[in-house]
There are 2 protein chains.
Amino acid sequence: MADPFELSVTEAAAAIRAHDLSPVELVQSLLSRIEALEPTLVAWATLVPEQALAAAREAERHAGPESPVHGVPFGAKDIFDTAGIRTAAGSKLWADRVPEKDAASVALLKGSGAVLLGKTHTTEFADGDPAPSLNPWGAEHTPGGSSTGSGVAVAARMVPFALGSQTVGSVLRPAAYNGVVGLKPTFGRISRLGVAPLADSFDHVGVLTRTVADAAAVLDVLAGHDAADPDSAEEPVDAYSAAIGKGGPPRIGLLRTWFADESDAETRLKMEDVAQELARAGAEVHEADPGIDFGEAYAHHRVMMETETAATHAALFPGNEHLYGPKLTDYIRRGQAHAATAYVAAAAFRRTMQRLARAAFERVDVLLMPTASGPAPRDLTSTGDTRFQSAWSYTGFPSITVPIGLASNGLPLGMQLAAAPFEEAKLLRVAHWAEQALGVRLSPPV
Amino acid sequence: MADPFELSVTEAAAAIRAHDLSPVELVQSLLSRIEALEPTLVAWATLVPEQALAAAREAERHAGPESPVHGVPFGAKDIFDTAGIRTAAGSKLWADRVPEKDAASVALLKGSGAVLLGKTHTTEFADGDPAPSLNPWGAEHTPGGSSTGSGVAVAARMVPFALGSQTVGSVLRPAAYNGVVGLKPTFGRISRLGVAPLADSFDHVGVLTRTVADAAAVLDVLAGHDAADPDSAEEPVDAYSAAIGKGGPPRIGLLRTWFADESDAETRLKMEDVAQELARAGAEVHEADPGIDFGEAYAHHRVMMETETAATHAALFPGNEHLYGPKLTDYIRRGQAHAATAYVAAAAFRRTMQRLARAAFERVDVLLMPTASGPAPRDLTSTGDTRFQSAWSYTGFPSITVPIGLASNGLPLGMQLAAAPFEEAKLLRVAHWAEQALGVRLSPPV
């Protein structure tokens, strides 16, 4: 058997279920791995080894055959409240903040036997001011953000999965830059209770894993209605893991117009290769054109997102400006300056775009496009270009990134798939099918 | 039998169904009534007597036993599109505008055998600049607005029912000032397709009638999902007429805090009398306090409403300022000046208020409050105080006004009832019960 720290969620859960692996051994293996790598990668804001070992011992005593994550350790982005554990959201303002209750998603995972290993670094309040983590594929390249530590920790085999959040591109971009899988389900699919808000209309809880099947396993635990979250969706959940490996080759719509001028030539060529390879594997691949101006959509998304960020920080920002980073400050100031009519126009554009995108999904199962403009840029002052992931946060449709290989500079590239609202089962099924067809699984040189 | 023009919707429909009344006779009776009163009341923007007589002859030939409005004439506020008939929305800009298609609601009524008699006067684009109509109870008092002509025409027995619309208080206020019933169903319950928009989040189609049973009969025709209206609700409809007269005495929550400082002493006393009379008739009457600051709610509603009005007129207003009235101009200018963060705060307040109001309706069937600050003010420069009707437009909950008698100055007073979303059947049942318990039916001295 591989070193325990190498195991995916489903592999670890299966080994624990079969009594081939103890949750305590698994935590110890991961803690050793973290001890070795954390000084260079800085993925964790807070580690709770004693609590994790205690939870692992508890999981060892009480097997949970029904849970796909029983005994499996996870990290939570440091904007997720954790009872008794500092939750600082990457902010000087919250440096000493210790919540009393777990975020709903953290509580669901713990209740299913998953073991909280610690809190992963986030950009300041999940906005644009970078976290201290470094990309395991190249320390001079951004690891992306805002779920920075979650991407780094999962890629570097410090933990099999981690919670993240996405308001523009904060799950899919760090996942792609670190060579892992990142899933952002439909708006409202996972409760946001106890997660620090950035922009109410767009904040999504997501998960970072190393395989699509793992993302499905974690979603099986997290998806569902939460009456305590006013934006929680009431749509019935599906059996996500059960959808993995089912059905035939999918119908895929290739989005060639997806910020084509902003992506690098290698990425554009790679997407064509991927589309051809998926077609050879049996997929029905068409060029798709939903008739949406994605550049205009991004501009509208920014207006709403900056406004809501300013509204979120309306009580906290005045008098505390010196404790805010330059990018979040800029976001708040822009948000304060927008006219209400611009916000209303952006909301109207969003409804139109949702209708157009929904119509596109009547002809294909998923849309396919690059997750980012290229591999992680050589720039530690920014977390990368948010445009490529923004449309599905703006519309609230589910999206996922899956590794497709390495760029010529040795850094990972990802493909992004999106589906119609609440079609996560279909999205995960197709993403798994494509992942198997491409046969790519990346491991960073650490 | 009474003069046909005196018949309510249900009375007229029953007489037509029994072949005791011809739809042609009914139209002729109403046209004579209009001929006599229109010079003093000015309720109609456009009359279509020839088309109405042709439709009545058609209705006479093809009986529609299933329709509660077969052969019954109606008026449509002049913001509802009518195929081939000028629809000017009270605006100089649209003075010569002739739509090609009927609004969805007009088409539904025509398809059910109702007979369009003409278009009723509206304030300019359903905002605050008064229409030329006069109150049949006193020409120096405003007839209210924006569904001004609909209120006047129904009160003066020129037509048994009319379509109106409400964004703040534009159905219930003119209904109360003219002594008739006005129903504004839940947001999205009636299609808005083909109705000139004012503020997208708050525009509702409503109906003005002389009895609660009539409002139920018309709602039976109008309620339902319309895939062509993006804000149309998908909730199943109820059988509204069938609910009339059913069930026992209701549970009523009396809202004494409803702008108490802005209502006149006579109105406040009258509401206490009404509450006592309903209790004597068997209702369970409690004082209700949903913990909502209605004044603050109104301020937020204004921010959103003014902003959306500015957005609605963003393309039309520039260069056409001289064709706009002073109140709509002021609304647009205020809307242009609001900050996006204020809009977002108002939307958040609205969600909180919807939760609080929903909780209040777990303890009572309806909330009871005055429809207006008092009888129609002696002021023709304004259509009255919109605050009293605003909360249910802001939240989108259904509301209705029912006449409760005359003030000491001889002008009508109304009570307002509100219910939880999509509980129109309950609202109409209770309103009918209260209408019967009070035994008030008003007819103006014209």
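The values are calculated or read from the model by the stated rules, or taken from the named source; none is laboratory data. Keep in mind the model is a prediction, meaning the values are calculated, not measured. Because the Cβ atoms are built from the backbone with ideal geometry, glycine has one as well, and the counts that use them run over all protein chains shown.
Descriptive notes on the structure:
- Among the residues of this structure, residue A:78 counts as one that is touching a residue at least 24 places away in the same chain (Cβ under 8 Å), out of contact with any Asp or Glu (no Cβ under 8 Å at 6 or more places or on another chain), over 25 Å from residue A:241 (Cα atoms) and of a type outside the set (Val, Ile, Thr).
- Odd one out for residue A:238 among (1) more than 23 Å from residue B:344 (Cα to Cα); (2) of a type outside the set (A, V, I, L, M); (3) within 14 Å of chain B (Cβ to nearest Cβ): (3)
- Among the candidates A:169, A:128, residue that is in contact with an Asp or Glu (Cβ under 9 Å, 6 or more places away or on another chain), farther than 20 Å from residue A:220 by Cβ and surrounded by 24 or more Cβ atoms within 10 Å (Cβ to Cβ): A:169
- Only one of the listed residues (B:365, B:379) is within 23 Å of the chain's Cα centre (by Cα), within 30 Å of residue B:428 (Cβ to Cβ) and surrounded by fewer than 24 Cβ atoms within 10 Å (Cβ to Cβ). That residue is B:365.
- Some residue of region A:395-410 being in the same structural domain as residue A:220 (by TED's automatic domain parsing), assigned to a helix (DSSP H, G or I) and either without any contact (Cβ under 8 Å) to a residue 40 or more places away in the chain or more than 20 Å from residue A:265 (Cα to Cα) (or both): yes
- All positions within region B:175-193 that are within 16 Å of residue B:89 (Cβ to Cβ) and either surrounded by 24 or more Cβ atoms within 10 Å (Cβ to Cβ) or among the charged types (D, E, K, R) (or both): B:192
- Of note, residue A:90 satisfies the criterion of being touching a helix residue (DSSP H, G or I) at 6+ places or on another chain (Cβ under 6 Å) and on the phi > 0 side of the Ramachandran plot.
- Within region A:268-275, not a single residue is free of Cβ contacts under 8 Å to residues at least 12 places away in the same chain, over 26 Å from residue A:207 (Cα atoms) and assigned by TED's automatic domain parsing to the domain that holds residue A:336.
- Flag if residue B:237 is surrounded by 22 or more Cβ atoms within 10 Å (Cβ to Cβ), without any contact (Cβ under 8 Å) to a residue 60 or more places away in the chain and among the β-branched types (Val, Ile, Thr): no
- Boolean, residue A:413 is in contact (Cβ under 8 Å) with a residue 12 or more places away in the chain, under 18 Å from the mean Cα position of the chain (by Cα) and assigned to a helix (DSSP H, G or I): no
- Qualifying residue in region A:342-350 (condition: out of contact with any His (no Cβ under 6 Å at 6 or more places or on another chain) and without any contact (Cβ under 8 Å) to a residue 12 or more places away in the chain): yes
- Look at (1) outside any helix (DSSP H, G or I); (2) in contact (Cβ under 8 Å) with a residue 12 or more places away in the chain; (3) farther than 24 Å from residue A:206 by Cα and you find that residue A:2 fails only one, number (2).
- Residue within region B:275-293 that is surrounded by fewer than 14 Cβ atoms within 10 Å (Cβ to Cβ) and either under 25 Å from the mean Cα position of the chain (by Cα) or within 14 Å of chain A (Cβ to nearest Cβ) (or both) present: yes
- Single residue of region B:303-321 satisfying the filter (more than 8 Å from chain A (Cβ to nearest Cβ) and free of Cβ contacts under 8 Å to residues at least 12 places away in the same chain) that is farthest from the chain's Cα centre (by Cα): B:319
- Number of the exception - residue B:255 against (1) assigned by TED's automatic domain parsing to the domain that holds residue B:382; (2) farther than 16 Å from residue B:417 by Cβ; (3) not basic (Lys, Arg): (2)
- The condition (being farther than 30 Å from residue A:94 by Cβ, at pLDDT 95 or above and hydroxyl-bearing (Ser, Thr, Tyr)) is satisfied by just one residue among A:341, A:307, A:257: A:341.
- Taken over region B:419-437, the residue count meeting the criterion of being crowded, with 24+ Cβ neighbours inside 10 Å and among the aliphatic types (A, V, I, L, M) is 6.
- When region A:324-357 is filtered for residues that are within 11 Å of chain B (Cβ to nearest Cβ) and either of a type in the set (Gly, Ala, Ser) or touching an Asp or Glu at 6+ places or on another chain (Cβ under 6 Å) (or both), the ones remaining, listed by number, are A:334, A:335, A:337, A:339, A:340, A:342, A:344, A:345, A:346, A:347, A:348.
- Verdict on residue A:196 being buried (at least 24 other Cβ atoms within 10 Å of the Cβ) and more than 8 Å from the chain's Cα centre (by Cα): yes
- When each of B:357, B:340, B:418, B:348 is tested for being within 17 Å of the chain's Cα centre (by Cα) and farther than 13 Å from residue B:177 by Cβ, the lone residue that passes is B:418.
- Looking across A:88, A:114, one residue alone is in the same structural domain as residue A:219 (by TED's automatic domain parsing), at pLDDT 95 or above and surrounded by 24 or more Cβ atoms within 10 Å (Cβ to Cβ). It is A:114.
Conditions tested, residue by residue: (1) in the same structural domain as residue B:162 (by TED's automatic domain parsing); (2) within 16 Å of residue B:116 (Cβ to Cβ); (3) surrounded by fewer than 24 Cβ atoms within 10 Å (Cβ to Cβ).
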residue: B:23; (1), (2), (3): yes, yes, no
residue: B:30; (1), (2), (3): yes, yes, no
residue: B:37; (1), (2), (3): yes, no, yes
residue: B:42; (1), (2), (3): yes, no, yes
residue: B:46; (1), (2), (3): yes, yes, yes
residue: B:50; (1), (2), (3): yes, yes, yes
residue: B:54; (1), (2), (3): yes, yes, yes
residue: B:74; (1), (2), (3): yes, yes, no
